[in-house]
Structure formats: structure tokens, C-alpha cells
Amino acid sequence: MSSLLESTVGGTLAPVAAGMTWSPLADVSETDDAYQIEVDLRGAKREDIDIEMAGQELVISGELRERERAGFLRRGTRRTGRFEYRALLPGEVNAEGVSAALRDGVLTVEIPKVETAKPRHIEITSGD
């Protein structure tokens, strides 16, 4: 029974078959000024990550390489290989102002909104 459970549960996190891409875990948050996407990419190197904006769609792709080990791996549940993450943002963005940083295995992408997409408070005047 435990081997059945391990093959079922462990299989969902197992490395992806050759040639297939996988999508990393991510959080998308929004402020009045920008969208922020935080993507878990533990073990990734900056040079192995590509970030593109196409209109309102953010595409993060790359490859997480298997690290070299002494001996052999008895069990592996961390994903490696080609990955791709896509996020379609709900408002207009300033693609020229996008910034990204990779720290402690988390890729943070900051995407500023265009002025017209920012919420604006409307004062109500009296009808006099």
C-alpha cells in the first residue's frame, strides 16, 4: 500500500519526462501601481531564465538543470527540465518598466501599470 501511495503522490512531484515542460508555483499580487509575480525557481540560474511581455501576457520560461551529484539519487521529487509560466494580467501594463530579480530561489517580476489603468478617486460635487 505504501508503494502505491508513494507512486501516486510522489509521481505528481517527480521530474518531468524528457521533452515536456512544467509550470512552477507562483503568486500574483496587485497594488494600485503594479502587478508583482513571485515564482518558485529554487536552483535556477539567471542565465537559464527568459522573461517576455507580449501585450498583457507575461511569459517566464527556462530550464532547471539537474545538479551533479556524487553517488546516485535514491529518490528525486524536485522538478528539473524545461519550464514555462504564463500570466495574463487584467489591466494595461508598461512593458518598458518591467523589472526582475532572482533572490533565494524566488524570481520576482514587477510590472508597472500604465497611468490610465490605475484606479482614481472621483470626488462628488453638489449639484448647486
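The values are calculated or read from the model by the stated rules, or taken from the named source; none is laboratory data. Since the structure is predicted, the reported quantities are computational estimates derived from the model, not experimental observations. Quick reminder, even Gly has a Cβ in these numbers, built from the backbone with ideal geometry, and neighbours come from all protein chains shown.
Anything in the range 19-43 that is β-branched (Val, Ile, Thr) and in contact with a strand residue (DSSP E or B) (Cβ under 7 Å, 6 or more places away or on another chain)? List them, or say none.
Listed by number, the residues that qualify are THR21, VAL28, ILE37, VAL39.
Give all pairs with beta carbons closer than 8 Å in which a residue from the range 19-35 that is touching a residue at least 40 places away in the same chain (Cβ under 8 Å) and loosely packed, with under 12 Cβ neighbours inside 10 Å meets a residue that is outside any strand (DSSP E or B) and not charged (D, E, K, R); count only pairs at least 6 apart in sequence or on separate chains.
ASP32/PRO119
Starting from the range 67-78, keep only residues that are in contact (Cβ under 8 Å) with a residue 12 or more places away in the chain and over 14 Å from ARG42 (Cβ atoms), then list their pairs with residues that are surrounded by 10 or more Cβ atoms within 10 Å (Cβ to Cβ) and of a type in the set (Val, Ile, Thr) whose Cβ atoms are within a distance under 7 Å, requiring at least 6 positions of separation or different chains.
Note: no pairs meet the criteria.
What about VAL93, is it under 16 Å from ILE49 (Cα atoms) and in contact with a strand residue (DSSP E or B) (Cβ under 8 Å, 6 or more places away or on another chain)?
Judged against the criteria, VAL93 is not a match.
What about ARG75, is it touching a helix residue (DSSP H, G or I) at 6+ places or on another chain (Cβ under 8 Å), at pLDDT below 95, exposed (fewer than 10 other Cβ atoms within 10 Å of the Cβ) and of a type in the set (D, E, K, R)?
Here the answer is yes, as ARG75 does meet what is asked.
Name the single residue that is nearest to GLU47 (Cα to Cα) among those in the range 117-126 being surrounded by fewer than 10 Cβ atoms within 10 Å (Cβ to Cβ) and of a type in the set (D, E, K, R).
Among those residues, the one meeting the criterion is ARG120.
Does PRO24 fit the bill of being under 29 Å from GLU110 (Cα atoms), modelled with pLDDT of 95 or more and not in a strand (DSSP E or B)?
In short, yes.
At least 3 residues that are over 13 Å from PRO24 (Cβ atoms) and under 19 Å from the mean Cα position of the chain (by Cα) in each: list the strands (runs of 3 or more DSSP E) lying fully within the range 36-128 that qualify.
Correct list: 49-54, 99-103, 106-112.
Does the range 90-116 hold any residues that are farther than 23 Å from ARG46 by Cβ and out of contact with any helix residue (DSSP H, G or I) (no Cβ under 8 Å at 6 or more places or on another chain), and which are they?
PRO90, LYS113, VAL114, GLU115, THR116
Of everything in the range 41-80, what is of a type in the set (Ser, Thr, Tyr) and either over 16 Å from THR21 (Cβ atoms) or in contact with a Ser or Thr (Cβ under 7 Å, 6 or more places away or on another chain) (or both)? Give them in sequence order.
Once the filter is applied, which keeps residues that are of a type in the set (Ser, Thr, Tyr) and either over 16 Å from THR21 (Cβ atoms) or in contact with a Ser or Thr (Cβ under 7 Å, 6 or more places away or on another chain) (or both), the range 41-80 yields only THR77.
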